[in-house]
Amino acid sequence: MILSTVGDKGSPSVPLWKRAVRAPSVLDWIRIGLLFIGVGCVLTGLLPIAEARASVERIAPLMLFLVSVIVLAELTKQAQVFDVIAARLALLGRGAYPALFLLCVAFASATTIFLNLDTTAVLLTPVMLALAPRAKIAPLPLAMTTVWLANTASLLLPVSNLTNLLALNKLGLSAPEFAGRMWLAQLVAIAGTMALLWVFYWRRGVRGADRYEPAPPEPIKDNVLFWGTGAACLLFIAAILAGVHIEVAAIAAAALAVTAYLFRDRASLRPSLIPWQLLVFVTGLFLVVPTLMRLGLNDLMSWLIGTGEGFAGLLRTAAAGAGLSNVVNNLPAYVAGEQVVPAANLDQLLALLVGTNVGSVITPWASLATLLWFEWCRRRDVKVPLGKFVLTGAVLAIVLLPSVVWVLALA
């Protein structure tokens with residue numbers, strides 16, 4: 001997936017075509033297989049061509065957004081923007097774990113909210129894990145902060161999560177209107193995540209140290225790239241808040257970053273920046289899920305979700321979305337749930353987003369971001385106790401869903 005595009009510039013002695021064409025991993029073959037299954041559904045008539053075309057046309061603007069924002073984020077990371085911010089956070093904490101905790105929460109939340117959860121998982125995770133040995137910090141608290149907030153801080157803006165983008169047309173809300181509807185629910189989700197992160201991973205008895213040793217940031221290699229990509233990110237955020245279409249904002253910001261690299265470091269503009277794995281996965285998903293809906297998944301989701309819009313009905317919808325997300329993945333869970341939610345039930349659709357975003361923290365495959373995060377932890381030899389991951393994630397979901405849905409109902 002996106003993972004293969006990060007942190008691997010390749011050796012100058014290796015031909016460009018070999019750096020651009022890499023052997024697919026097992027996960028890559030699964031994604032390719034999903035696409036072939038989806039195409040097979042169309043060719044066999046299980047999914048009518050008209051429905052397949054409508055499904056692909058629906059995600060085309062989202063694909064433009066995802067490609068652009070991932071290119072922007074990767075070029076920004078190469079320019080050391082994320083690394084400098086992470087190192088500055090450690091220095092601001094002055095060796096105090098509570099201060100570092102608040103700063104890391106703010107950094108991970110902001111990255112998720114403004115650059116989406118996959119960016120947090122793909123780019124912020126290696127930054128945090130690289131910071132841990134330099135500051136002599138246990139890596140697991142930093143890693144868990146990243147993965148939990150990648151999911152639970154993805155409610156505020158349409159760009160924060162692909163599920164939000166999928167819901168935007170049906171909701172009929174602009175980005176500022178969406179944020180106005182979700183800001184309180186987002187605050188509650190982040191506050192609850194912070195509380196459980198501290199209890200399970202950051203408190204003195206778990207982290208194993210009273211203080212840490214902040215390390216100074218590494219020198220910036222290219223100030224033009226650093227400030228150019230930083231300005232591109234700020235432009236992207238400002239455009240979203242101003243109500244510009246998300247794909248237009250992402251393309252403009254990515255173009256600014258690419259322009260900076262054209263003048264300063266053309267070698268970094270390699271084909272592997274394009275996240276083809278994500279494009280293959282999402283396209284296949286949006287062919288397979290409509291087929292499953294025609295084969296009975298629609299009836300199952302109708303039974304699970306119901307049509308109630310009071311607190312109990314909204315909580316049932318959120319729980320159904322969270323449950324299916326942890327069984328399969330939050331993208332198909334949202335798509336399946338959306339099909340059975342009446343168009344007029346705005347609150348119920350928002351509750352479904354709460355379930356698929358906030359509730360997808362229990363199993364390693366519940367969200368794309370979590371899968372990517374696990375791969376980075378494996379690469380950095382960070383031991384993630386699976387039993388504790390699942391148990392603490394279940395507690396987080398059980399605590400957050402009722403509280404966030406309650407606030408959503410009140411608002």
Output ordering of 233-239, 120-126, 383-389 (per-residue mean of other Cβ within 10 Å, highest first) is 120-126, 233-239, 383-389
Rank VAL399, VAL26, VAL224 by mean-square fluctuation in a GNM of the chain with C-alpha springs under 10 angstrom and give only the top-ranked residue.
VAL26
To the nearest 20 Debye, how big is the dipole of the chain about its Cα centre, given +1 on the beta carbon of each Lys and Arg and -1 on that of each Asp and Glu?
1080 debye
Considering the chain as a Gaussian network with a 10 Å cut-off on Cα pairs, which listed residue, GLU74, GLU177, GLU247, attains the greatest mean-square fluctuation?
GLU177
Taking the Cα-to-Cβ direction at ALA252 and at SER174 and moving 7 Å from each Cα, how far apart do the two end points lie in nm?
1.4 nm
Net charge near LEU103: determine it from the other residues with C-beta under 11 Å of the C-beta of LEU103, scoring Lys and Arg +1 and Asp and Glu -1.
+2
If you average the C-alpha positions of the stretch 227-277 and of the stretch 70-96 separately, how far apart do those two centres end up, in angstrom?
17 Å
Note down the nm distance, to one decimal, between modelled labels 7 Å out along Cα→Cβ at THR44 and at ILE32.
2.1 nm
Viscosity 0.692 mPa s, temperature 37 °C: what is the translational diffusion coefficient of the chain from Stokes-Einstein with a Kirkwood Rh over Cα pairs, rounded to a whole number of µm²/s?
151 µm²/s
Sorted by packing (mean other beta-carbon atoms within 10 Å per residue), highest first, where do 141-153, 281-293 land?
141-153, 281-293
Would you mind classifying the stretch 221-262 by shape? Square roots of the alpha carbon gyration tensor eigenvalues, ordered a ≥ b ≥ c; an a/c under 1.5 is rounded, otherwise it is prolate if a/b is larger than b/c and oblate if not.
oblate
Work out the charge dipole of the stretch 59-410 with +1 on the Cβ of Lys and Arg and -1 on the Cβ of Asp and Glu about the Cα centre, then indicate which of ILE237, GLY192, GLY359 is farthest towards its positive end.
GLY192
FRET efficiency (ARG380, ARG294; Cβ distance; R0 60 Å; to 0.05) is 0.90
Distance from the stretch 141-200 to the stretch 337-401 (C-alpha centre basis), Å
11 Å
Say we join alpha carbon atoms closer than 10 Å with springs in a Gaussian network model of the chain; which of GLU375, GLU57, GLU213 then has the biggest fluctuation?
GLU57
When the charge dipole of the stretch 177-294 is computed with +1 at the Cβ of Lys and Arg and -1 at the Cβ of Asp and Glu, the Cα pointing farthest to the positive end, of GLY208, PRO290, THR259, is that of GLY208
Computed, not fitted: 222 nm per-residue ellipticity of the chain from DSSP H runs ≥ 4 (each -39500 (n - 2.57)), nearest 500, equal to -23000 deg cm²/dmol
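Values in this text are rule-based calculations from the coordinates and carry no lab data. Remember, it's a predicted structure, so these values are computed and weren't measured experimentally. Backbone-built Cβ (ideal geometry, glycine too); neighbour counts: all protein chains shown.
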